[in-house]
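The values are calculated or read from the model by the stated rules, or taken from the named source; none is laboratory data. All values derive from a computational prediction rather than experimental measurement. Cβ: placed from backbone, ideal geometry, glycine included. Neighbour counts: every protein chain shown.
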Amino acid sequence: MLIWLETKKILLTPMMFVFLALCFVFNLLFVIPNIYDDYGSYVAAASRTTGYKLNAEFEDKIALLEPGEKRDFFSEDTKGRTDVFDGYETAYIAEAYIRRLGLSGYTADAMRDKYAALQNAVDEKADSGESLTLYFAGDTVSKHFLLNGITLRFLFLECGLLVALIVLFSLGYEHANRTAHTVYAAKTGRNIMRHKLTASLSAGLLACTLLSALTLGVYFALNDYGNIWGSSVSSGFNFISDEFAGDRPFVTWQSRTVSAYLLAVLGIALLLAVCFGLMAYVIGTLLKNSYISFLIFLIVNAKLVVFAVLFSKSLPAYLAVHTPVWLWLKQPLWFTDGGPDFLWKNFETLGVLASLILLAGLCLFSTGLFRKRDVA
């Protein structure tokens with residue numbers, strides 16, 4: 001009952017829906033101007049006829065498409081594709097990073113170990129022929145970045161801020177309405193904080209789900225994916241622009257289709273939103289003012305970014321990039337090697353799980369301090 005009442009307070013707050021509406025309108029500013037993509041739309045439509053596997057049958061089915069310049073270009077774009085993973089070696093990436101960053105000792109060894117592990121993933125992709133799938137053909141990089149590098153990145157930032165604001169609103173509700181003494185003197189007393197945390201996280205994730213559904217609903221309504229969902233996200237058309245190692249294939253640790261990759265990214269994003277909520281809870285229980293708490297929340301995350309930049313190449317910096325704010329910054333590289341900023345594989349999973357455990361411990365600690373604090 002207490003959880004429901006706390007949740008009801010949040011859901012009846014007009015400002016939450018105002019914030020949701022503003023975020024949705026902001027997201028549309030990125031989605032709508034990019035809907036005109038003639039070639040990408042053609043590839044999606046063509047994939048319903050040709051399928052997404054680049055083989056002899058695929059080339060035969062191109063002949064079924066309506067003749068014209070677009071079909072001719074599409075045919076040339078996909079004809080004679082070779083497996084980019086066949087014979088591809090990853091050791092040069094590690095050496096490029098070590099040389100450009102001046103790594104030595106453990107960090108250099110860890111970087112080499114990561115790309116030795118990536119070689120195993122590359123070999124598996126070569127055996128399964130993952131690169132010989134369509135995705136968006138020659139338009140793959142721009143379409144992949146439009147979704148993962150722009151739309152989702154801003155969406156996940158909004159979700160993190162939304163959950164943090166909801167948590168701080170719930171924690172500061174009693175002080176804002178001058179009911180703190182009455183509530184904390186009741187039977188549940190200060191133990192209500194755990195109910196507030198449960199309610200605010202639940203409401204926050206519900207709001208994030210709604211915002212994500214609206215944003216992605218519009219995105220996919222305006223950006224046809226045709227039969228592309230079954231393509232591998234590690235298609236030979238997809239690559240990473242690496243300032244140290246040059247353009248290289250987009251290699252995921254596990255085999256993931258375009259649809260599976262999107263679902264995995266959304267799953268990590270929800271956990272990341274919980275991390276931001278827990279961080280806000282820790283700060284909110286230590287401070288009485290919600291506005292100051294949110295400011296401190298922003299400052300802490302900014303300092304984590306600055307710390308990793310100032311002390312880059314050091315082991316503490318490589319640990320700092322596994323914090324929630326850095327995971328958000330590196331979202332376009334989730335489930336890949338992560339580039340020079342990470343020493344260990346599966347950085348997004350490792351980072352979000354470690355953050356959840358650490359922040360959960362800090363929540364218990366801050367709650368203990370709150371029980372002893374003067375609430376006046």
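Hey, among the residues in the stretch 229-247 that are out of contact with any Phe, Trp or Tyr (no Cβ under 6 Å at 6 or more places or on another chain) and surrounded by 18 or more Cβ atoms within 10 Å (Cβ to Cβ), which one's modelled with the lowest pLDDT?
My answer is Ala245.
Please enumerate the residues belonging to the stretch 342-361 that are surrounded by 17 or more Cβ atoms within 10 Å (Cβ to Cβ), assigned to a helix (DSSP H, G or I) and either over 13 Å from the mean Cα position of the chain (by Cα) or of a type in the set (Val, Ile, Thr) (or both).
Passing the criteria: Thr349, Val352, Ser355, Leu359.
Working only within the stretch 41-79, note down all residues that are in a loop (DSSP other than H, G, I, E, B) and among the hydroxyl-bearing types (Ser, Thr, Tyr). If you could, list the steps in order and put the result at the bottom.
Taking the stretch 41-79 first, the residues in a loop (DSSP other than H, G, I, E, B) are 51-52, 54-55, 63-68, 79.
Once the filter is applied, which keeps residues that are in a loop (DSSP other than H, G, I, E, B) and among the hydroxyl-bearing types (Ser, Thr, Tyr), the stretch 41-79 yields only Tyr52.
Only residues in the stretch 253-275 that are closer than 12 Å to Gln331 by Cα count as the first member; pair them with residues that are assigned to a helix (DSSP H, G or I) and of a type in the set (Val, Ile, Thr), Cβ under 8 angstrom, at least 6 apart or cross-chain, and list the lot.
Hits for this filter: Ile268/Thr349; Ile268/Val352; Leu272/Val352.
Which residue is farthest from Gln331 (Cα to Cα), if the candidates are limited to the stretch 131-156 and must be surrounded by fewer than 24 Cβ atoms within 10 Å (Cβ to Cβ) and touching a strand residue (DSSP E or B) at 6+ places or on another chain (Cβ under 8 Å)?
Residue satisfying both the conditions and the ranking: Leu132.
Exactly one of (1) closer than 23 Å to Phe145 by Cα; (2) without any contact (Cβ under 8 Å) to a residue 40 or more places away in the chain is unmet by Tyr291. Its number?
Unmet for Tyr291, out of (1) closer than 23 Å to Phe145 by Cα; (2) without any contact (Cβ under 8 Å) to a residue 40 or more places away in the chain: (1).
With (1) touching a Leu at 6+ places or on another chain (Cβ under 9 Å); (2) modelled with pLDDT of 95 or more as the list, and Ala213 as the residue in question, which single condition is left unmet?
Every condition holds for Ala213 apart from (1).
Output the residues belonging to the stretch 216-243 that are touching a Ser or Thr at 6+ places or on another chain (Cβ under 7 Å) and assigned to a loop (DSSP other than H, G, I, E, B).
Asp224, Gly226, Asn227, Ser231, Val233, Ser234, Ser235, Gly236, Phe237, Asn238
For the list (1) assigned to a helix (DSSP H, G or I); (2) under 31 Å from the mean Cα position of the chain (by Cα); (3) among the polar types (S, T, N, Q), I need the number of the one condition that Thr82 fails.
Among (1) assigned to a helix (DSSP H, G or I); (2) under 31 Å from the mean Cα position of the chain (by Cα); (3) among the polar types (S, T, N, Q), Thr82 violates only (1).
I need a count of the residues in the stretch 97-118 that are closer than 17 Å to Asp247 by Cα and either in contact with an Asp or Glu (Cβ under 8 Å, 6 or more places away or on another chain) or part of a loop (DSSP other than H, G, I, E, B) (or both).
Narrowing the stretch 97-118 to residues closer than 17 Å to Asp247 by Cα: 97, 100, 115, 118.
From what's left, either in contact with an Asp or Glu (Cβ under 8 Å, 6 or more places away or on another chain) or part of a loop (DSSP other than H, G, I, E, B) (or both): 115, 118.
The qualifying residues number 2.
Determine whether the stretch 121-140 contains at least one residue that is of a type in the set (S, T, N, Q), closer than 21 Å to Lys79 by Cβ and part of a helix (DSSP H, G or I). Write out each step before concluding.
Taking the stretch 121-140 and keeping what is of a type in the set (S, T, N, Q), we get 128, 131, 133, 140.
Within this subset, residues satisfying the condition of being closer than 21 Å to Lys79 by Cβ are 131, 133, 140.
Retained after the next criterion (residues that are part of a helix (DSSP H, G or I)): 140.
Checking the stretch 121-140: at least one residue is of a type in the set (S, T, N, Q), closer than 21 Å to Lys79 by Cβ and part of a helix (DSSP H, G or I).
Does Lys288 fit the bill of being modelled with pLDDT under 95 and in contact with a His (Cβ under 7 Å, 6 or more places away or on another chain)?
Working: modelled with pLDDT under 95: yes; in contact with a His (Cβ under 7 Å, 6 or more places away or on another chain): yes.
Taking the combined requirement at face value, the residue satisfies it.
Just need a number here: residues in the stretch 42-85 that are surrounded by fewer than 17 Cβ atoms within 10 Å (Cβ to Cβ) and of a type in the set (Ser, Thr, Tyr).
Of the residues in that region, 3 qualify.
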